[in-house]
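Structure first, commentary second.
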Amino acid sequence: MTLLLGPPGCGKTTMLLALSGKLSHSLKVAGEMSYNDHKLEEFVPQKSSAYVSQYDLHIPEMTVRETIDFSARCQGAGSRAEIMMEVSRREKQAGILPDSDVDAYMKAISVEGLKSNLQTDYILKILGLDICADTMVGDAMRRGISGGQKKRLTTGEMVVGPTRALFMDEISNGLDSSTTLQIISCLQHLSHIMDATVLISLLQPAPETFDLFDDIILMTEGKIVYHGPRSSICKFFEDCGFRCPERKGVADFLQEVISRKDQGQYWFLTEQPYSYVSADQFVKKFKESQLGKNLEEEISKPFDKSKNHKSALSFTSYSLTKWEMFKACSVREFLLMKRNSFIYVFKTTQLFIIASITMTVLLRTRMAIDAIHASYYVGALFYGLLILLVDGFPELQMTVSRLAVFYKHRELCFYPAWAYAIPSAILKVPVSLLEAFVWTALTYYVIGYSPEFGRFLRQFLLLFLVHLTSTSMFRFVASVFQTVVASTAAGSLAILVASVFGGFVIAKPAMPVWLAWGFWISPLTYGEIGLTVNEFLAPRWEKVVSGDTSIGQQTLESRGLNFHGYFYWISAGALIGMTVLFNIGFTMALTFLKPPGNSRAIISREKYNQLQGKINDRDFFDKDMTLTAAPAKSSTETKKGRMVLPFEPLAMTFTDVQYYVDTPLLILMKIGGRIIYSGPLGQRSSRVIEENEDLVKQLSSPTPGSKELHFPSRFPQNGWEQLKACLWKQNLSYWRSPSYNLARLFFMSSGASLFGLLYWQQGKKIKNEQDLFNIVGSMYAVIVFFGINNCSSVLPFVATERTVLYRERFAGMYSSWAYSFAQIFWSFHSMFCTLLFFNYEGMLLVSLTPNIQVAAILASFSYTMLNFFSGFVVPKPHIPKWWLWLYYICPTSWALNGMVTSQYGDVDEEISVFGETKALSGFVEDYFGFHHSFLSVVGVVLIIFPIVTASLFAYFIGRLNFQRR
């Protein structure tokens, strides 16, 4: 077991990634790496070795036991079965009777494909995770295991497998020294008993942890200064002139002796003047030492491949068969669906409510069989399609949240992308069936569609396929764009494109010829074709109105949907094909795309040395870049740059506090390194309590002349200063979030360009009611879908900010009102009126919900209501009186009212309307209920909406706290 030691940034992580075969291909690599004389290209290093990252990536909905069980199942038993058979054979030959417990354990961990493995219980026990084995991992908003337990879980996830080469990166981060000692001790036994190779990088190991290692690799500036036995490292540095003090930890000494700032204090050759020894000089001295020569000789010897066991290296990418991998991923996906059952129940309940509202607005008793009401039926069909399209949007959020763990498992060769993608698609089929059935069963006969039961079943089938296509599409979008902000913007753009080209917002004949292809790539197109053909080719719509044209045929022709009946089945087939295509794209994206990560600027070694010479080490390089010795500085040199803060020291004491820790507290120290107690604890810390009771009593009595600790207000600054500080903070946060701003700008610019091209000069060609519907449809789409993008994109941004707010508000830094109004100001800076309302609505939804998934579902519910009561799908005069209040509280209805009325409310040009001639302004009043005289009121109401929404956000973000920690 080897310790990799070195200062931050010296290349420890890069070295571990290189040894485990996970180094980025964009880096230039010199030299060769081999396992048992096999080069990395000759086997699968990801399966032969395991890299344990310093970052803890786990699915928060799974428990500790489930996480390790899944890892053990994916990694398989390796060569344990073969080893067990060989051991049993030799025992029989020698007449040895094995210990029954050991024999049972060895047999139990040698079985492949078990859901729960005895090895898991063993790992949980030795890592101290047995006490939280059935606790969910959790995240920033959900209570789960502690940070130290997460770190141990990350280690256990890899140790549970059969891999015998472990490369572990900073596994002690967030752990106390006792836990670190326990884990390293466990790994020491593993490496010695199982003959495993373990390389662990630690930043500052405690002395007792340091002593457990066999070898040490010391790095600095990307170079290996020492690689050899732990027991010989102090001797090597003594030969270089540096001695470790007796009471100094060796690990701390090693970190400081290679540092320019701290090196001089360890120079012990007083008869010689000290001069800084660089990393290159240490490397040279090590190569010249006996240790370095022995290492070079050992490496140069060729490995005898005949001694290599066939199971020592893995030559296949995966441990399990395809069927076992599929089963493992399916079981986990089903488990996650059960853990997220609240989300699915919430979605279904939401759909039930929307369907109930829709069917009571469009009651069959108010729907006649004529040309005017036929447009209402078309609107109802489009609205149903849009509902089920948007209902799949939360799938995007859930997919993005699990991508980080998937990429981790992919790099570890747990399973291929298809084993993850196929269960995700198949197990969501029942959800799509349920959603489509709820909508169809509630609305079909109440709205008054054609009464034939076969047509009911066909509508249900098509809505099911639309929902299935929607969830597949959003999974695909999430896998391509990978981050929440980018995926949300791309998903909103997908909804916009699908809706605009779906054949309702703008009729197919009105589309430019060179953009007609957009009609055929929209999933809503096939849903619209199938549903309208299913409805308007029914017998009740065969009444002839003019010539040989029936009402149903006339309605279909006006929309450009005049297809034959068999196009229903073509539409169904097209939706199935799209679903398959999106899932194939999802699988391909997961297979080939790289995981998102922080970009790093990479420069050559020569450039690095040059920069170091110019910036950091000017005093140590001459004109020819030759290293020169620097004179040692006197320890008595005056230290400058320090300041004394005018704070009065305060003593805080506690009495009758009961607090227990697992390990002794042996020494109590105070600031300055002064020891106030050193000795045994005694039973239940009785000795410490006895020694310190007098001290507590003394400190509990106020000193003469002191005042009671009192704060005049809860916060250190007044409201105005808090607001200014929060404005400054939000300014930095806003402009340093390019993904958020660029995504919104991209959506707006691309959406505006699309609308400009699609509706080119349409406003000058109003000859009939369909031409007006096209123009009003453009305004409706701009208001609703651009607003939806604003609301959707702000959800993850504010959700992240809210976590910070909880922490900073608890610390008393500022009030929630200062924070919320700072958020509101910077949103006001970028948006206004209707779009501003949607921005504030997204912020309000985050403040009302426990997590972003529920916020996204609630947002989709609000989108449907804002869509349905905008006055376009169902005009105001046709909305029943008992639902008219919803029309008035929807800002989209006021915005559409203002836009249409300001453009056409005073235009008296006559147009053809359902076979009659009527003034354009009169038709706007009669059909939509928009009056030009009411325009000033509309303007005032549009200003009120964002003010009310912003105030509600400010109130709820301060009152509600969903953090469960």
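The values are calculated or read from the model by the stated rules, or taken from the named source; none is laboratory data. Computed from a predicted structure; not experimentally measured. Here Cβ is always computed from backbone atoms with ideal geometry, including for glycine, and neighbour counts include all displayed protein chains. Protein only, heavy atoms only, side chains kept; ligands, DNA and RNA dropped before computing areas. Shrake-Rupley method; radii C 1.70, N 1.55, O 1.52, S 1.80 Å.
Figures for the structure shown
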read-out: Residue identified as of a type in the set (G, A, S) and over 31 Å from the mean Cα position of the chain (by Cα) among G530, G491; value: G530
read-out: Residue match in segment 361-378 (condition: among the small types (G, A, S), buried (at least 21 other Cβ atoms within 10 Å of the Cβ), touching a residue at least 24 places away in the same chain (Cβ under 8 Å) and part of a loop (DSSP other than H, G, I, E, B)); value: no
read-out: Looking only at segment 57-88, and only at residues there that are at pLDDT below 85 and either among the aromatic types (F, W, Y) or open to solvent by 50 Å² or more (accessible area, probe 1.4 Å) (or both), the one that is nearest to I126 (Cα to Cα); value: I83
read-out: Residues of segment 246-282 satisfying the condition of being within 20 Å of L203 (Cα to Cα) and outside any helix (DSSP H, G or I); value: R247, K248, G249, I258, S259, R260, K261, D262
read-out: Which numbered condition A743 fails, given (1) buried (at least 23 other Cβ atoms within 10 Å of the Cβ); (2) of a type in the set (G, A, S); (3) modelled with pLDDT of 75 or more; value: (3)
read-out: Entirely in segment 848-965, the helices (runs of 4 or more DSSP H) that have 2 or more residues that are at pLDDT 85 or above and surrounded by fewer than 18 Cβ atoms within 10 Å (Cβ to Cβ); value: 884-889, 935-959
read-out: Residues located in segment 194-233, provided they are among the acidic types (D, E) and out of contact with any Lys or Arg (no Cβ under 8 Å at 6 or more places or on another chain); value: E208, E221
read-out: Unique residue being open to solvent by less than 30 Å² (accessible area, probe 1.4 Å) and of a type in the set (D, E) when the list is E452, E435, E411; value: E435
read-out: The one condition in (1) modelled with pLDDT under 75; (2) assigned to a helix (DSSP H, G or I) that G812 fails to fulfil; value: (2)
read-out: Verdict on L153 being at pLDDT 75 or above and of a type outside the set (V, I, T); value: yes
read-out: Of all residues in segment 1-52 being basic (K, R) and surrounded by 16 or more Cβ atoms within 10 Å (Cβ to Cβ), the one that is farthest from Y226 (Cα to Cα); value: K47
read-out: Test: Y344 is modelled with pLDDT of 80 or more and not in a helix (DSSP H, G or I); value: no
read-out: Selected residue (criterion: farthest from G518 (Cα to Cα)) from residues of segment 754-788 that are part of a loop (DSSP other than H, G, I, E, B) and open to solvent by less than 30 Å² (accessible area, probe 1.4 Å); value: I766
read-out: Subset of segment 544-595 that is within 42 Å of the chain's Cα centre (by Cα) and outside any helix (DSSP H, G or I) - its residue that is surrounded by the most Cβ atoms within 10 Å (Cβ to Cβ); value: L561
read-out: Residue list for segment 265-274, restricted to those being surrounded by fewer than 17 Cβ atoms within 10 Å (Cβ to Cβ) and not β-branched (V, I, T); value: Q265, F268, L269, E271, Q272, P273
read-out: Subset tally (residues that are surrounded by fewer than 24 Cβ atoms within 10 Å (Cβ to Cβ) and outside any helix (DSSP H, G or I)) for segment 383-408; value: 0
read-out: From K287, K338, K293, K327, residue being open to solvent by 100 Å² or more (accessible area, probe 1.4 Å), closer than 30 Å to V405 by Cα and in a helix (DSSP H, G or I); value: K338
read-out: L531 touching a Leu at 6+ places or on another chain (Cβ under 6 Å), hydrophobic (A, V, I, L, M, F, W, C), modelled with pLDDT of 90 or more and not in a loop (DSSP other than H, G, I, E, B); value: yes
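Per-residue answers, yes or no, for (1) in a loop (DSSP other than H, G, I, E, B); (2) open to solvent by less than 10 Å² (accessible area, probe 1.4 Å); (3) farther than 26 Å from S319 by Cβ; (4) out of contact with any strand residue (DSSP E or B) (no Cβ under 8 Å at 6 or more places or on another chain):
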{"site": "S172", "(1), (2), (3), (4)": "yes, no, yes, yes"}
{"site": "L175", "(1), (2), (3), (4)": "yes, no, yes, yes"}
{"site": "H192", "(1), (2), (3), (4)": "no, no, no, yes"}
{"site": "S231", "(1), (2), (3), (4)": "no, no, yes, yes"}
{"site": "C234", "(1), (2), (3), (4)": "no, no, yes, yes"}
